[in-house]
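Structure record follows, encoded as structure tokens.
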Amino acid sequence: LDQPLPELLAPDADTGETLSPLVAFLTHAALESGDNQAQAGQDAVQLMTVHSSKGLEFDCVFITGLEEGLFPHENSMSDHDGLEEERRLMYVAITRARKRLYLSHSQTRMLHGQTRYHLKSRFFDELPEAALKWITPKHSGFSSGLGGGAALWGSAMKSGAGGARSDWASGVFSSKTGPSERFANPAVPPQREAPAHGLKAGTNVFHAKFGEGRVQMLEGSGDDARAQINFTRHGVKWLALSVAKLTVVS
């Protein structure tokens, strides 16, 4: 992040719940999606849905997730009108690009807690093959599971432009470093003294709002100490121990 997100990273004043830097960034990006993320002429990466991009144009556009069941969406694939609407949205996305257009898909992705294996979108086959330049092999993937193919389409292809961006477009992560490793919280130095809060992994605790849960992980010290707790009714949450009022359950 170029700028810190203090409001999103700060623990909730009532519950002590905290967000990881990645979740805070994605939350911030969702709130700022649209055409107001940067001033006119300012160099910036803008994140938005295809619907939000209507009426806008950019020199370079990246369209990700071009897989059957995702784009076109699985709810539209069995309905002719729904599929035509998805095709119209694809046209909208493509025509947002003035100079370069990058298209990408992955062979596997985690969706709603499940690993799914997808075919590349039919929209690839509806584009003129002569206008496509495959940056990665058309039918190969990466051992990290983020591969598949990445195509670059647009007028810039005729001059061979865009090749320098091939590593970025074909997958941010190498086969040795997966997304969980790249975005994981930084390692916390080992504590030399027993923490003042007295908690440890496996301790059963009670929270006034979230109910009973079990401590899974602890990190940080002093005012920065926080715990990852799996609550029976509310799932896994990170709580700042300086704010959250936890009671040890025997």
Subject >> Residue within the range 99-106 that is surrounded by 12 or more Cβ atoms within 10 Å (Cβ to Cβ), in contact with a His (Cβ under 8 Å, 6 or more places away or on another chain) and touching a residue at least 12 places away in the same chain (Cβ under 8 Å) present >> reply: yes
Subject >> Options 80, 118, 112: the member that is surrounded by 17 or more Cβ atoms within 10 Å (Cβ to Cβ) and either at pLDDT below 90 or over 20 Å from residue 54 (Cβ atoms) (or both) >> reply: 118
Subject >> the range 221-236, residues that are of a type outside the set (Val, Ile, Thr) and either surrounded by fewer than 11 Cβ atoms within 10 Å (Cβ to Cβ) or part of a helix (DSSP H, G or I) (or both) >> reply: 222, 223, 224, 233, 235
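For every residue, the table says whether it meets (1) among the small types (Gly, Ala, Ser); (2) under 26 Å from the mean Cα position of the chain (by Cα); (3) surrounded by 14 or more Cβ atoms within 10 Å (Cβ to Cβ); (4) outside any strand (DSSP E or B).
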residue	(1), (2), (3), (4)
212	no, no, yes, no
218	no, yes, yes, no
238	no, yes, yes, no
242	yes, no, yes, yes
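The values are calculated or read from the model by the stated rules, or taken from the named source; none is laboratory data. This one's a predicted model, so the numbers in the text were calculated from it and none came from an experiment. Here the Cβ is made from the backbone with ideal geometry for all residues, glycine too, and neighbour counts use every protein chain on show.
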